[in-house]
Amino acid sequence: MIEAKGVTLKYHDGTLALKNIDLQVKPGELVFITGPSGSGKTSLLKLFMGMEYPTSGSLNVMGQPIIPSKIGKIRKIRRKIGPVFQEFKLIAGRTAMENVIMSMRFLGISSRQRKENARNALIRVGLEHKILSLVENLSWGEAQRVAIARAVARKPSLILADEPTGNLDHDNALHILELLTSFQDNNTAVIITTHATHLIENQKNATFIHVSEGNIVKEDHLHK
Amino acid sequence: METSFSTHTTGANVGGVSMKNIFFNLGYFIKEAMKIIKFNLLSNIFSLLGTGLILFLLGMVLVGGSISNQLVENLKEEAEVSAYFDENMDNQECLKLVETVKDMDGVRDALLIDETDAYNKMEKVLGEEAKVLALFDENPFEAYIEIRIHLDTMDSVLEKVENLEGVNYVRDNRAVLERMQAITEGLKFLGYLVIVAVGITTLVIISHMIRQGIYNNKDQINTLRLLGAPNSFIGFPYVIIGLLLTMGGGILAIALIVLLINQGYGQVTASLSFIPLPPSEELISEMVTLLLGVSILLGILGSLFGLSSIKKNR
């Protein structure tokens, strides 16, 4: 699914975000990337999405090298990814339903099927009563769940969630984590970044990657 | 509760967007285009009006060109040579001479105009000033052969007629015709300049509006890009915007041109009836087709030009 070898990421302003990263994510795997703020967690997800390119080393996502000359193919890979951004990136002026449908419009799915997928996804995240609400009228937690619904509605091979529990209270944060991990199956890998390690300490059947100052300092595979 | 999701299928791709995607999302593209237009409504209205006025200017030049072409074509048919012959020739000899001229290549028709007919023709030409002819004691005009020819064959016909026995003097109206033709060529050149100016101005206006729309929606565009939308999917609503603006302008220009033609024809036929005009229905039909075609082409080109700013980003 994802293979990184010796990946380094240096931003244009000279900031060295990631140093010599080696990691592998298999299809259907559940991965938690933990670490303090500024450790490089979001930078890793940006690389996986093709939003940034490795300064050195090699990175393949679903068999596609993440390099500048392949931007067209990287966009195609993104259609198989369900991203849940830290800042949600919902489209203002549209309803929850419209936002979820938006992610499927260029996948060749009929209008009827898009609506069905979107409705089912919103029901699954517990927002059946907010389907026609404008996203700017939703609470933080509700907007979070719309973002999750948008990610999962198109049945992605990979879900990437960047700090999905940020700004949520303990119970809601746990609920969101449960929701995200519930989408993992043989065909769908889930990668979640979080600095709230206390929320994931009871997770089973997962890989835990701890990042600090741009390095992977620890990697545990817990499969029970 | 059981939920189901379908996996996607992809059809044949055309420029990054499959025909399926276009068909399934046509309503979305049009709605998005309307939303973007409404967001900057006043600017878009002024763009439409500006485009309409520019296309109206183009339309006026095209109408002028069409009428002057018609004029020149008509004048070409008026190309004539007047052959003055020996006044001692009798009627039989004159008619034989006329027949000889009629049989020449390039001659459309030949007619014997006697002195009385020549006098009557001049009366018609002079109109209200014809009373000056009463000053003459006798008819001052000679008989001649009026030869209608194709303008292109004037030189060869002139030479042959001049060499005919009995022909004293030949006169033609070539200078007038050549001047008319030169004016028409000048108008054509002016017309081409106007077309280029209209094209550039419209492209600039439309591409500017598109870029403004893109800037106002940059967050949405970025999100769509991160979700894997191809550039053509992101850009399609903007192509529709460009088309709507230019077609709106085109329709406005057509309305003004139709008004101009209907009003103008009435006035020209009343006061300048000798100017040959093409049939108004034909002219209107020609202008509608041309202006709509030009506006559609400029709309698409302007949009694509404006969209070129999207492609630079990830």
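Going by the conditions given, is B:ALA130 assigned to a helix (DSSP H, G or I), at pLDDT below 85 and surrounded by 14 or more Cβ atoms within 10 Å (Cβ to Cβ)?
Numbers: assigned to a helix (DSSP H, G or I): yes; at pLDDT below 85: yes; surrounded by 14 or more Cβ atoms within 10 Å (Cβ to Cβ): yes.
Yes; evaluated as a whole, the condition is true for this residue.
Residues in region B:211-234 that are within 12 Å of chain A (Cβ to nearest Cβ) and over 21 Å from A:PHE88 (Cα atoms): B:ASN231, B:SER232, B:PHE233.
A:LYS204 meets the conditions (1) at pLDDT below 90; (2) assigned to a helix (DSSP H, G or I) in every case but one. The failed one is (2).
So B:GLY266 ticks every box in (1) part of a helix (DSSP H, G or I); (2) in contact with a helix residue (DSSP H, G or I) (Cβ under 8 Å, 6 or more places away or on another chain); (3) at pLDDT below 90 but one. Which box is left unticked? Against the list (1) part of a helix (DSSP H, G or I); (2) in contact with a helix residue (DSSP H, G or I) (Cβ under 8 Å, 6 or more places away or on another chain); (3) at pLDDT below 90, B:GLY266 comes up short only on (2).
Scanning region B:90-127 for residues that are in a loop (DSSP other than H, G, I, E, B) and more than 14 Å from B:VAL157 (Cα to Cα) yields a total of 2. Within region A:10-51, being among the charged types (D, E, K, R) and exposed (fewer than 14 other Cβ atoms within 10 Å of the Cβ) holds for A:ASP13, A:ASP22, A:LYS26. Looking across region A:119-141, the residues that are closer than 11 Å to A:ALA96 by Cβ, without any contact (Cβ under 8 Å) to a residue 24 or more places away in the chain and either outside the structural domain of A:GLU98 (by TED's automatic domain parsing) or of a type outside the set (S, T, N, Q) (or both) come down to A:ARG119, A:GLU128, A:HIS129. Across region B:235-260, the qualifying residues are those that are among the small types (Gly, Ala, Ser) and touching a Ser or Thr at 6+ places or on another chain (Cβ under 7 Å), and the one among them that is nearest to the other protein chains (Cβ to nearest Cβ) is B:GLY242.
State whether one or more residues within region A:90-99 are of a type in the set (Lys, Arg), facing chain B (nearest Cβ under 8 Å) and out of contact with any Pro (no Cβ under 9 Å at 6 or more places or on another chain).
Residues of region A:90-99 that are of a type in the set (Lys, Arg), as a first pass: A:94.
Filter once more, so that each one left must be facing chain B (nearest Cβ under 8 Å): none.
No - not one qualifying residue is present in region A:90-99.
Within region A:26-85, count every residue that is in a loop (DSSP other than H, G, I, E, B), away from chain B (no Cβ under 14 Å) and basic (Lys, Arg). Working first, answer last.
Initially, region A:26-85 is screened for residues in a loop (DSSP other than H, G, I, E, B), giving A:26-29, A:35-40, A:50-55, A:62-63, A:66-67, A:79-80, A:85.
So of that shortlist, the ones also away from chain B (no Cβ under 14 Å) come out as A:26-29, A:35-40, A:54-55, A:63.
Then keep just the ones that are basic (Lys, Arg); that gives A:26.
Selection size over region A:26-85: 1.
The values are calculated or read from the model by the stated rules, or taken from the named source; none is laboratory data. These numbers were taken from a predicted model, which means no experiment stands behind them. Quick reminder, even Gly has a Cβ in these numbers, built from the backbone with ideal geometry, and neighbours come from all protein chains shown.
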